[in-house]
Amino acid sequence: MSKYNITIKEYTSENINKWDDFVSNSNNGTIFHTQKFLQYHKEGKFDFTSYMIYNNDEIVAVLPGGYKENGNVYWSPVGASYGSLVTKDLSFDISLAIVDALLVLFKEQDTKDIFLIPPPLIYSKIYNQHIEYAMLYRKFDFEYHYISHSVDLTNKELQNYNKKTRYKIRTAKNNSSLSIREVNDFNEYYPILLENKKKHNATPTHSLEDLTKLKQLFPNDIHQFNVYYNDTPIAGATMFDCNSKVALCFYNMLNYDFEKLFPTYLTIDYIINWAREKGFVWFDFGVSQDTTSDNPMTPSLPLIYFKEFFNTRGIFRSTYHYSVK
């Protein structure tokens, strides 16, 4: 018999401060796990059903997400980049008790399938994969492994770029017509983002309205850096302070008419150094998949090659799946 008294309660809006405080002080929570972040979606866009997990009267985990396919499938996250269980730095026995309690809940709800996408391990303040091991022990499997690329900002050796990369950064820095600065809106940048996505038959995850609202919700945690040729915006990057450890480059875009000026090299060098100076441990350059492929795991080799110019290393971003019997 378990020594833990695990109970699960559905999240309601009056618990927003309790939820977000827990995420902020958790071991692996990110901006994407907060209810404050999820509020940027228009009401009714998603069927959110999130859970708060207690041991006696103490919150030990939260699970943001929602049901799809007439309630048959539970996804975490819904409307965000990362989901799955947010926890403190837990021992294995309570981690297993939490997973077991969730499986009982989903069976009672007649859920057929569960899909969970936790943040990569680098987002954890203390490296701990007890929850993931408990899931695998209880017969979760992997749906996909995506490849993300990141820079360990504490490793000074990774600051030494190869000769060609150093040349391009130096050329951009020495061009008096180029400048980079942080701005408070996305109006100049968004048309470049749309054009870049169009080249790959894609659309941005966020509308201009979405980004504007997120900046209002998180004025100190979402940053827009634009590169200008004289006064013309030609490139830029959108950064999310995901938690105290990781800064994520969510968008990195370029007006290809100015490609030979190397503004993207200026951007990436700048934001990596910016993240280091702000005290982040990791710079996450995001996933590197070929979005045109039928196989979601197909790597984008040119994108990976570019990211490796900045001494990034591959980090798994995995999707866990459970078929409820």
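The values are calculated or read from the model by the stated rules, or taken from the named source; none is laboratory data. Everything numeric in this text was worked out from a predicted model, so none of it was measured. Heads up, the Cβs are rebuilt from the backbone with ideal geometry, glycines too, and the neighbour counts pull from every protein chain shown.
What strands (runs of 3 or more DSSP E) lie completely within the range 189-297 and have 1 or more residues being more than 28 Å from GLN39 (Cβ to Cβ) and out of contact with any Pro (no Cβ under 6 Å at 6 or more places or on another chain)?
Per the criteria, 222-229, 232-241, 246-254.
Pairing each residue of the range 279-306 that is in the same structural domain as ASN252 (by TED's automatic domain parsing) with any residue that is surrounded by fewer than 19 Cβ atoms within 10 Å (Cβ to Cβ) and among the acidic types (Asp, Glu), provided the two are 6+ apart or on different chains, yields C-beta distances under 6 Å for THR298/ASP290; SER300/ASP290. If you go through the range 1-19 and pick out every residue that is at pLDDT 95 or above, more than 24 Å from the chain's Cα centre (by Cα) and basic (Lys, Arg), you end up with 1. The condition (being more than 23 Å from LEU217 (Cα to Cα) and crowded, with 19+ Cβ neighbours inside 10 Å) is satisfied by just one residue among ASN70, ASN128: ASN128. Across the range 281-294, what is the number of residues that are in contact with a Phe, Trp or Tyr (Cβ under 9 Å, 6 or more places away or on another chain) and either at pLDDT below 90 or not charged (D, E, K, R) (or both)? Total satisfying the criteria: 7.
Consider the range 157-177 and keep the residues that are of a type in the set (Ser, Thr, Tyr) and more than 26 Å from the chain's Cα centre (by Cα). The one that is surrounded by the fewest Cβ atoms within 10 Å (Cβ to Cβ) is SER176. Residues that are modelled with pLDDT of 90 or more and closer than 19 Å to THR205 by Cα were ranked within the range 295-318; the one that is farthest from the chain's Cα centre (by Cα) is LEU303. The strands (runs of 3 or more DSSP E) falling completely within the range 46-122 that include 1 or more residues that are at pLDDT below 95 map to 66-68. Checked against the criterion of being under 22 Å from ASN27 (Cβ atoms), in a loop (DSSP other than H, G, I, E, B) and touching a residue at least 12 places away in the same chain (Cβ under 8 Å), the range 135-143 has at least one qualifying residue. Please find, within the range 283-318, the residue that is nearest to ARG166 (Cα to Cα) out of those that are among the small types (Gly, Ala, Ser) and surrounded by fewer than 16 Cβ atoms within 10 Å (Cβ to Cβ). Selected residue: GLY314. Of the residues in the range 1-20, how many are of a type in the set (A, V, I, L, M, F, W, C) and surrounded by fewer than 11 Cβ atoms within 10 Å (Cβ to Cβ)? Residues that pass the stated criteria total 1. Restricting attention to the range 244-275, the residues being out of contact with any helix residue (DSSP H, G or I) (no Cβ under 6 Å at 6 or more places or on another chain) and either of a type in the set (S, T, N, Q) or assigned by TED's automatic domain parsing to the domain that holds TYR40 (or both) number 5.
Matching residues to (1) closer than 30 Å to TYR51 by Cα; (2) buried (at least 18 other Cβ atoms within 10 Å of the Cβ); (3) among the acidic types (Asp, Glu):
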site	(1), (2), (3)
ILE114	yes, yes, no
PRO118	yes, yes, no
TYR123	yes, yes, no
ASN155	no, no, no
GLU182	no, no, yes
ASN187	no, no, no
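Of all residues in the range 1-23, those satisfying the criterion of being free of Cβ contacts under 8 Å to residues at least 24 places away in the same chain and assigned to a helix (DSSP H, G or I) are SER13, GLU14, ILE16, ASN17, ASP20, ASP21.
Whenever a residue of the range 220-246 is in contact (Cβ under 8 Å) with a residue 60 or more places away in the chain and among the acidic types (Asp, Glu), its partners that are crowded, with 21+ Cβ neighbours inside 10 Å and in a loop (DSSP other than H, G, I, E, B), lying with C-beta atoms within less than 9 angstrom and at least six residues away or across chains, give the pairs ASP221/CYS242; ASP241/PHE280.
Taking GLU182 as the residue in question, decide whether it is in contact with a His (Cβ under 8 Å, 6 or more places away or on another chain) and free of Cβ contacts under 8 Å to residues at least 60 places away in the same chain. Against the criterion (in contact with a His (Cβ under 8 Å, 6 or more places away or on another chain) and free of Cβ contacts under 8 Å to residues at least 60 places away in the same chain), GLU182 qualifies.
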